[in-house]
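Have a look at the structure below before the remarks.
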Amino acid sequence: MRAAPQRPAGVRLIIGYKVGKAILQTSAALVLFYGATHGLAAALADFAEKLREHAVHAWSNVVAAALLRFTKGRHSLWLAAYALLGDALLSSLEAWALLRGYIWGSWLIVGATACLLPFEIHALARHIRVGRVILFLVNLAILAYLLRRVVGEHAHARARREAQLDSNKRP
């Protein structure tokens, strides 16, 4: 039996990040699905009102306002749950493709990450938050690492093909 090739540390970190993210998002989606059918929206709205009434710190008002916005829509919990589940499925697919060593896995992550960067920049331009900055920097680092890795692998494969063609031309 032959041992599986060792993946670079960066790829292992990205796989772990994607798997962890998918697990957390799936768990959150299940909680929201359950909560949507068992009165979570009303409980959150009630909690937000009480928090707003008794708030002492500024962060309490921010949390209360966010909860009220989140529970304002009739189907907001359902939509959030489906969005989390969809992103969890995409993260799982990305992790699986990297784990299997498919070259398109890196391109999938590069494309999915690059498509979301303009939205993250827009959100940062509206209001800078530490969490958004960290998320933006992590996604930018993943994008740069995988793009550099994929381009390098492509150049290496091209050089290998050209060397093979040259060796086949010799008598």
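Over the Cα atoms of the range 1-143, compute the convex hull volume and normalise it per residue, giving Å³. Could you put the intermediate results ahead of the total?
Numbers: hull volume 20.1 nm³, N = 143.
Spread over its residues, the Cα hull of the range 1-143 gives 141 Å³ apiece.
Label zone (TYR34, point 7 Å along Cα-to-C-beta; backbone nitrogen cut-off 19 Å) within the range 62-77: 77. Measuring nothing but protein heavy atoms, the accessible surface of the chain at 1.4 Å probe radius is 68 percent carbon and sulfur. With all protein chains kept in place, the per residue accessible area of the chain amounts to 70 square angstrom at a probe of 1.4 angstrom. Couplings 3J(HN,Hα) of the range 132-138, computed from phi: 5, 5, 5, 4, 4, 5, 5 Hz, in residue order, whole Hz [Karplus 6.51 cos²θ - 1.76 cosθ + 1.60, θ = phi - 60°; x for Gly and Pro].
Partner lysines whose Cα lies under 23 Å from the Cα of LYS72, excluding those fewer than 8 positions away in the same chain, are identified as LYS50.
Each helix, a run of at least 4 DSSP H residues, gives -39500 (n - 2.57); summed and divided by the residues of the chain, these come to -30500 deg cm²/dmol at 222 nm. Within straight-line reach of LYS21, meaning a Cα separation under 20 Å, sit the following aspartates and glutamates at least 8 residues removed in sequence or on another chain: ASP87, GLU94, GLU120. Work out the FRET efficiency for ALA155 and ALA114 from their Cβ-Cβ distance, taking R0 = 22 Å, and round it to the nearest 0.05. FRET efficiency, ALA155 to ALA114: 0.65.
For the range 68-171, the C-alpha radius of gyration sits at 1.57 times the compact-globule guess of 2.2 N^0.38 Å, with N the residue count. For THR71, the solvent-accessible surface computed with a 1.4 Å probe is close to 20 Å², ligands and nucleic acids excluded.
The values are calculated or read from the model by the stated rules, or taken from the named source; none is laboratory data. These numbers were taken from a predicted model, which means no experiment stands behind them. With ideal geometry, Cβ positions are generated from the backbone for all residues, glycine too; neighbour counts draw on all protein chains shown. Protein only, heavy atoms only, side chains kept; ligands, DNA and RNA dropped before computing areas. Shrake-Rupley method; radii C 1.70, N 1.55, O 1.52, S 1.80 Å.
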